[in-house]
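J.: Here's a structure for you.
Bear in mind that the values in this text are calculations on the coordinates, not laboratory data. Keep in mind that this is a model prediction, so the values were computed, not measured. Positions of Cβ are generated from backbone atoms using ideal geometry, with glycine treated the same way; all protein chains shown enter the neighbour counts.
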Amino acid sequence: MQSRGLAVTAAKAPLEFFEFTRRTLGANDVALDIAYAGICHSDIHQAREEWGPAIFPMVPGHEIVGIVREIGTAVTKFRVGERIGVGVFVDSCRECIHCKAGLQQYCIEGMTGTYNTLERDGKTVAFGGYSDTFVINEDYAVHVPENLDMAGVAPLLCAGITLFSPLKHWGAQAGTRVGVMGLGGLGHMGVKFAHALGAHVTVFSHSPEKEADARAMGADDFVVTKDINSLKPLARTFDLILNTVSAELDINKYLELLTLDGTLVVIGLPGKPYAVNVGSLLDARRSLSGSMIGGIPQTQEMLDFCGLHNIVSDVEVIKADYVNTAYDRTVASDVKYRFVIDGATF
Ligand code: NAP
Ligand code: ZN
Ligand code: ZN
């Protein structure tokens, strides 16, 4: 299938228009017309090779929402004309214990990413969602509630599930004191979900001007981190802290904010290792953990939850030719709160 999208041809090169071919529809495949594709900071890390060697040309994009255009002969999960979502992976081994448990993101053989990887045949380059069309095996796509704004749905496929999953795993509910570090694409979804689950939510941000937005999204408190001393009075007051910051920082200052048995979950991935003061862990039996997106069943659960609670991402819809500026603005934390590319502009 012929596709038109945006690609990076070398590390740090700007994105440019790119024509390419997607596989012909297999029996279990669904073809979709992409309505919107979100710009995740992970796209930028990979396009700029901040996570190590990447595959070029790269068509980034793993926050995809669209309309089913055609279905393979054996497809039962989707119908033509229906809404469909695709996230950070398009396949996995299907056989390992994690795949069988619906935790495909932790596939022991490694999930097949939506882009910047080879497909499971070991030779076809996977091209992502900054494009007009997509082909996906039906098992790795999800249903999108009809009541939600499509542009605001796209970021749910990565930013949304990536925050929903740890909040559920660590049992955020009424009475849980949750901290969200960084009010970006991921962080703002964390605020919305934690609030909807009934938790008390505090945002840690280096952008003071985001306070009103954070509170409108459901934050109870807002802490400006520019002066690191502002954290001191909050020592031992959090059950769960989700770190979505895309840049390097001193994690130890935040570990100390955890109460007895509290957990700090690393989600942001700037690329370099953290220096951890293990004394802070011992001091209150604290845990430092990590979490990566979510499996297909939980992604569906998250979208259904959004449909029920009317939750979508706050987005700035852009045309495809604005994407290089959007990258720079995202790195500068200047986006409210996710750029989403209009699929009709490729
Ligand atoms: P984003 O929209 O750029 O948000 C990151 C936020 O971090 C910014 O809005 C900003 O929040 C804060 N920040 C940025 N630079 C900073 C600096 N120099 N100092 C302090 N704070 C800074 O990025 P995103 O798309 O949400 O992604 C966040 C991170 O999560 C990225 O590293 C991404 O690769 C990673 N990620 C991980 C997963 C996973 O499965 N674990 C999934 C997707 C993405 P304030 O302005 O509020 O301070
Ligand atoms: Zn992402
Ligand atoms: Zn597996």
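J.: If you plug each phi of the stretch 47-60 into the Karplus form 6.51 cos²θ - 1.76 cosθ + 1.60 with θ = phi - 60°, what whole-Hz ³J(HN,Hα) values come out, in order, with x for Gly and Pro?
T.: 4, 9, 6, 7, 10, x, x, 10, 9, 10, x, 10, 9, x
J.: What nm value, rounded to one decimal, do you get for the distance between ALA247 and ALA275 when each label is placed 7 Å out toward the C-beta?
T.: Result for the modelled spin labels: 1.8 nm.
J.: Now a separate question. Quick one: angle between helix 159-169 and the longest Cα principal axis of the chain, in degrees between 0 and 90, rounded to 10, please.
T.: 50 degrees
J.: Turning to a different aspect of this structure: Once you have a ≥ b ≥ c as the square roots of the Cα gyration tensor eigenvalues for the stretch 100-202, tell me rounded if a/c is under 1.5, and otherwise prolate or oblate according to whether a/b is larger than b/c.
T.: Prolate.
J.: Which one, PHE89, ILE67, TYR106, is farthest towards the positive end of the dipole of the stretch 1-120 when Lys and Arg carry +1 and Asp and Glu -1 on their Cβ?
T.: Of the listed residues, the answer is ILE67.
J.: Same structure again: With a 10 Å radius around each residue's Cβ, average the other Cβ atoms per peptide and rank 291-303, 262-274, 71-83, 24-36, highest first. Mind showing how you got there, number by number?
T.: Numbers: 291-303: 21.1, 262-274: 17.2, 71-83: 14.5, 24-36: 19.4.
Final packing ranking: 291-303, 24-36, 262-274, 71-83.
J.: Now for a different question. Search the structure for amide H atoms under 5 Å from the amide H of SER92, placed 1.01 Å from N in the peptide plane, and list their residues when 5 or more places away or on another chain.
T.: Amide H neighbours of SER92: THR112.
J.: Return a single number: how many Lys pairs in the stretch 159-290, at a sequence separation of 8 or more or on separate chains, have alpha-carbon atoms below 15 angstrom apart.
T.: Here the count comes out as 5.
J.: Does the stretch 157-240 come out rounded, prolate or oblate by the C-alpha gyration tensor, with a ≥ b ≥ c the root eigenvalues, rounded set by a/c under 1.5 and, if not, prolate when a/b is larger than b/c and oblate if not?
T.: Verdict is oblate for the stretch 157-240.
J.: Compare the Cα positions of SER333, PHE127, ALA247 along the charge dipole of the chain (+1 at Cβ of Lys, Arg; -1 at Cβ of Asp, Glu; about the Cα centre) and return the one farthest towards the positive end.
T.: Among SER333, PHE127, ALA247, the one farthest towards the positive end of the dipole of the chain is ALA247.
J.: A follow-up question, please. Mind checking the stretch 209-274 for GluC sites (Glu not before Pro) that DSSP puts in a loop (not H, G, I, E or B) and that have at most 14 other Cβ atoms within 10 Å?
T.: Working: sites: GLU209, GLU211, GLU248, GLU256; in loops: GLU248, GLU256.
Passing both the DSSP loop test and the Cβ count: GLU248.
J.: Now, a different point. Size of the dipole of the chain about the Cα centre, Lys and Arg at +1 and Asp and Glu at -1 on the beta carbon, nothing else charged, in debye to 20?
T.: 480 debye
J.: Under 1.5 on a/c is rounded, so check that first for the chain, then, if it is not, pick prolate when a/b is larger than b/c and oblate when it is not; a ≥ b ≥ c are the square roots of the alpha carbon gyration tensor eigenvalues.
T.: Prolate shape, in that a/c is at least 1.5 and a/b is the bigger ratio.
J.: To the nearest 10 degrees, how steeply does helix 296-309 sit against the main Cα axis of the chain, on a 0 to 90 scale?
T.: Approximately 70 degrees, to the nearest ten.
J.: Once both axes come from the Cα atoms, what is the angle between helix 185-196 and the longest principal axis of the chain, in degrees from 0 to 90, rounded to 10?
T.: For 185-196 against the chain, the angle is about 70 degrees.
J.: Going by amide H atoms built from the backbone, whose H comes under 5 Å of the H on ASN137, apart from near neighbours?
T.: VAL30
J.: Give the distance, in whole Å, between the Cα centre of the stretch 99-149 and the Cα centre of the stretch 270-310.
T.: Centre-to-centre (Cα) distance: 21 Å.
J.: Considering amide H positions built from the backbone, and no H for Pro or chain starts, which residues 5 or more places from ILE318, or on another chain, come under 5 Å of its amide H?
T.: Excluding prolines and chain starts, which carry no amide H, the hits are VAL340, ILE341, ASP342.
J.: Nearest 5 is fine: what % of DSSP beta bridges in the chain come out antiparallel, could you say? Show your work: numbers first, answer last.
T.: Values: 32 of 58 bridges.
So the antiparallel bridges in the chain amount to around 55 percent.
J.: Now for a separate question. Which ³J(HN,Hα) values, rounded to whole Hz and listed in residue order, are derived for the stretch 117-127 from phi using the Karplus coefficients 6.51, -1.76 and 1.60 in 6.51 cos²θ - 1.76 cosθ + 1.60 with θ = phi - 60°, glycine and proline given as x?
T.: Each residue's phi maps through the Karplus curve to give 7, 9, 5, 5, 6, x, 9, 7, 6, 7, 10 Hz.
J.: Run the simple label-point estimate for MET1 and ILE55 please: 7 Å along Cα→C-beta, distance reported in nm.
T.: Those two pseudo-labels are separated by 1.9 nm.
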